[in-house]
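Inspection log for the structure reproduced underneath, given as structure tokens.
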Amino acid sequence: MSDLWRDRSPYSWSFRIGGGRRILDLPLVAWLTVIWILLWGTLSWANLVNGVIVAVSLCLAFPLPAVDLGLRLRPLGILRLAAYLLYDMFASSVAVTRQIFAKGPYRAAVVAVPLRVRSDLMLTATTVAVSNVPGGSVIEVRRSTATLFLHVLDADDPGEIERARRQVWRVEALVARAFGTVEDITRAARPVPEGNPSP
């Protein structure tokens, strides 16, 4: 069995045509179909079927190498992540609103949060999820150490800084359970990193 077959994405089909191997990547076919429908400007069964035919034809005529990005779609994990983010957005919005109308200036800080999962996909997905929550702006990502640098309000309270770190680690675990490989899920279940990394 060749490396191309063994390392392919779980959302791809690999088969031989003539003397060569062709990869049919389902996410790519879906994306090309969406582009086809957008180009025609009308969502209809004819455009959908034609889009799939054109997408499959392009994938077979111009084959790309099989690349496994490490993406796994886990419906239950996706629902848990979405529910947590919706709740967190609401709770964070209320907290930020209270701070706006409260007396006195708040001292902000930049907090380094080392992640347990090291893949680029998980790092990016965690960063996007954390940035979508009010009061949790990621200002820098250090890929070499898988560290997020988070802007935290009310840094006078040490408990608030620790809460911000724990929140990022919770999002990281939920993202891994929603989109990660088995290895990502295992790494995200490990104890959180000890110590206070410097920026």
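Of everything in the range 70-79, what is assigned to a helix (DSSP H, G or I) and surrounded by 15 or more Cβ atoms within 10 Å (Cβ to Cβ)? Give them in sequence order.
Scanning the range 70-79 gives G77, I78.
Report every pair of residues separated by at least 6 positions or lying on different chains whose Cβ atoms are under 8 Å apart, first residue within the range 25-36 and under 11 Å from N47 (Cβ atoms), second β-branched (V, I, T) and surrounded by 13 or more Cβ atoms within 10 Å (Cβ to Cβ).
Close Cβ pairs (under 8 Å, with a partner that is β-branched (V, I, T) and surrounded by 13 or more Cβ atoms within 10 Å (Cβ to Cβ)) amount to T33/V52; T33/V54; W36/V54.
Quick one: how many residues across the range 106-141 are among the hydroxyl-bearing types (S, T, Y) and in contact (Cβ under 8 Å) with a residue 40 or more places away in the chain? Even if it seems obvious, please write down each step before you answer.
Looking only at the range 106-141, we keep the residues that are among the hydroxyl-bearing types (S, T, Y), and these are 106, 119, 124, 126-127, 131, 137.
With in contact (Cβ under 8 Å) with a residue 40 or more places away in the chain added as a condition, the list becomes 106, 119, 126.
Summing the residues that are among the hydroxyl-bearing types (S, T, Y) and in contact (Cβ under 8 Å) with a residue 40 or more places away in the chain in the range 106-141 gives 3.
If I filter the range 84-138 down to residues being over 20 Å from G159 (Cα atoms) and polar (S, T, N, Q), which single residue comes out as modelled with the lowest pLDDT?
Looking at residues that are over 20 Å from G159 (Cα atoms) and polar (S, T, N, Q), I get N132.
All but one of (1) in contact with a helix residue (DSSP H, G or I) (Cβ under 7 Å, 6 or more places away or on another chain); (2) loosely packed, with under 15 Cβ neighbours inside 10 Å hold for D120; state the number of the condition that does not hold.
It fails just one condition, (1).
Quick check on my filter: what residues within the range 159-175 are in contact with a helix residue (DSSP H, G or I) (Cβ under 7 Å, 6 or more places away or on another chain) and touching a residue at least 60 places away in the same chain (Cβ under 8 Å)?
Those that are in contact with a helix residue (DSSP H, G or I) (Cβ under 7 Å, 6 or more places away or on another chain) and touching a residue at least 60 places away in the same chain (Cβ under 8 Å): V171, L174, V175.
From the set of residues in the range 97-117 that are outside any helix (DSSP H, G or I) and charged (D, E, K, R), which is surrounded by the fewest Cβ atoms within 10 Å (Cβ to Cβ)? Walk me through it before giving the result.
Residues of the range 97-117 that are outside any helix (DSSP H, G or I), as a first pass: 102-117.
Narrowing further to those that are charged (D, E, K, R): 103, 107, 116.
Details: K103: 4, R107: 11, R116: 19.
Applying the filter and picking the extreme gives K103.
Could you please give the count of residues in the range 17-66 that are part of a helix (DSSP H, G or I), aliphatic (A, V, I, L, M) and at pLDDT below 85? Working first, answer last.
So the first thing to find is which residues in the range 17-66 are part of a helix (DSSP H, G or I), and the list is 26-40, 45-61.
Narrowing the set further to residues that are aliphatic (A, V, I, L, M) leaves 26, 28-30, 32, 34-35, 37-39, 46, 48-49, 52-56, 58, 60-61.
Okay, now just the ones that are also at pLDDT below 85, so 26, 28, 60-61.
Qualifying residue count for the region: 4.
The values are calculated or read from the model by the stated rules, or taken from the named source; none is laboratory data. It should be emphasised that the depicted structure is a prediction, and the values quoted were computed from it without experimental measurement. With ideal geometry, Cβ positions are generated from the backbone for all residues, glycine too; neighbour counts draw on all protein chains shown.
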